[in-house]
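Any read-out appearing in this document is the output of simple, stated calculations on the displayed coordinates, not a laboratory observation. This is a predicted model, so every value here is computed, not measured. Here Cβ is always computed from backbone atoms with ideal geometry, including for glycine, and neighbour counts include all displayed protein chains.
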Amino acid sequence: MTITLFHHPFSRAAGTVWALEELGEPYELRFVDILAGAQKNPELTALNPMGKLPTLLDGDAVVTEAAAIGIYLADKYALGRLAPPLDDPQRATYLRWSFFSPSVVEPGVMAKANDWSFREGSAGWGNYDSMIRAMKSAIEGGFILGETFSMADVIFGGTLRYLLQFGLLEKDAAFIAYVERLSKRPALQRADKRNAAIAKERGLDQK
């Protein structure tokens, strides 16, 4: 049964297209006009009560949240290729940095950008400078798993790529080099082209 992704090219679902391209499995994109609020329509909220993208259907399985979708897809369709086996010690590193993006990087960057006041000990993302050092340590071997590319790079790298693109993160040399490595992935290039083609077809203008 074909994988279906509820999608808009200017949403986090754009990154899930990269994950799907890395799999090499057939999939279908179902456009959701988020600018018109279609993500809150009953069809989608019945699947995802948050009314958000990405939302993915795989047979009877419903998966939401970009990191969870990436982990799910790699485990089901590319275990041993894009995801370490369950008994591989690298599995710990893989999971650690996959979930570091939504739980630490995204709120940490948002907190800094909006000058939030909070007690570091009470916030899951903690200290911003420590977060940056941790991010650099994650990619010093080339990819998250050293020389081996994995779905963790789609999740972590996709977040980093987005933040750099929109000026939400300082253009550190280590980050730029990592994103350049990711940009050589044929699957990422295909995903970028597909997202751009849909944006053009739909007359969307990203500003």
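Here Lys40 is the anchor, and the lysines within straight C-alpha reach of less than 18 Å, apart from those fewer than 8 places off in the same chain, are Lys52. Each Lys and Arg contributes +1 and each Asp and Glu -1, all at the Cβ; summed about the Cα centre of the chain, the dipole is approximately 400 debye.
Cβ under 12 Å from Leu57's Cβ, Leu57 left aside: what net charge do those residues give with Lys, Arg +1 and Asp, Glu -1?
Net charge around Leu57: -3.
Basic side chains Lys and Arg get +1 at the Cβ, acidic Asp and Glu get -1 at the Cβ, and with that the dipole of the range 90-185 about its Cα centre reaches some 220 debye.
For the chain, the share of DSSP beta bridges that are antiparallel, to the nearest 5, is 60%. Between the listed residues Met135, Leu169, Leu145, the Cα displaced farthest toward the positive end of the dipole of the range 90-185, a dipole computed from Cβ unit charges relative to the Cα centre, is found at Leu145. Look at where the Cα atoms of the range 115-187 and of the range 24-52 average out, and the two centres are 27 Å apart. Spacing of the modelled spin labels on Ala38 and Asp87, each 7 Å from Cα toward Cβ, amounts to 4.7 nm.
Across the chain, the relative contact order, built from alpha-carbon pairs under 8 Å that are at least six residues apart, equals 23 percent. Calculated mean residue ellipticity at 222 nm for the chain: -14500 deg cm²/dmol, from DSSP H runs with n ≥ 4 weighted as -39500 (n - 2.57), summed, divided by the residue count and rounded to 500. Rg/Rh for the chain stands at 0.96; both radii use Cα atoms, and Rh follows the Kirkwood definition.
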